[in-house]
Amino acid sequence: MRFKSLLIFLSLFVFISYCAAEEVRIEGNAVEQFQRIGAWGWVVSVGSVQKGPEEMEGGNVSVYLTSANPEEYPPGLIDPNIAVGDRVAVYGLLETAEPDAYDILLVGSKQYYIKQVTS
C-alpha cells in the first residue's frame, strides 16, 4: 500500500510539474550523480543558460528522471557515459520548489536530455 501511495504521489507531482513548468536549456558541468526513491539523475553546475532564468547561472541544479508512468509521461534521456566533471548539455522542464532553487525534470517528452558535450 505504501509503495502504491508513493507511485500515486510521484505521478501527481510529475503531472503538476509538467503542466506548470517551462522548458529550459543549459550547459554546465556534472558535479554528482544521485539516486533517491523514485528519482535519479545528476547535480549540474550551471555554466550558461540558453533558455530559462538567468539566475540559474553559477548555481547548481538537479537534473533528473522519475518513475512516472512512461505511457503518460515519456521519459527523456540520461547519457550513460557522463562522468563527474564532464561538460553536459541539458534540455528539460524547469521546476522551482523554492525561490532560487531550481530542478530540471526530464519527464514529459522523449526529446528531453542530459548528455555529455564533446568538443
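Derivation of every value follows stated rules applied to the coordinates shown; laboratory data play no part. Nothing here was measured: the structure is a model prediction, and the numbers come from that model.
Observations, loosely collected:
- Amide H to amide H, with H built 1.01 Å from N, V88 comes under 5 Å of G28, N29, A30, V117, counting only residues 5 or more places away or on other chains.
- Over all orientations, region 56-117 has a Cα convex hull whose mean projected area works out to 4.6 square nanometres.
- Shown for region 12-117 is the translational diffusion coefficient from the Stokes-Einstein equation, using the Kirkwood radius over Cα pairs, a temperature of 4 °C and a viscosity of 1.567 mPa s: 97 µm²/s.
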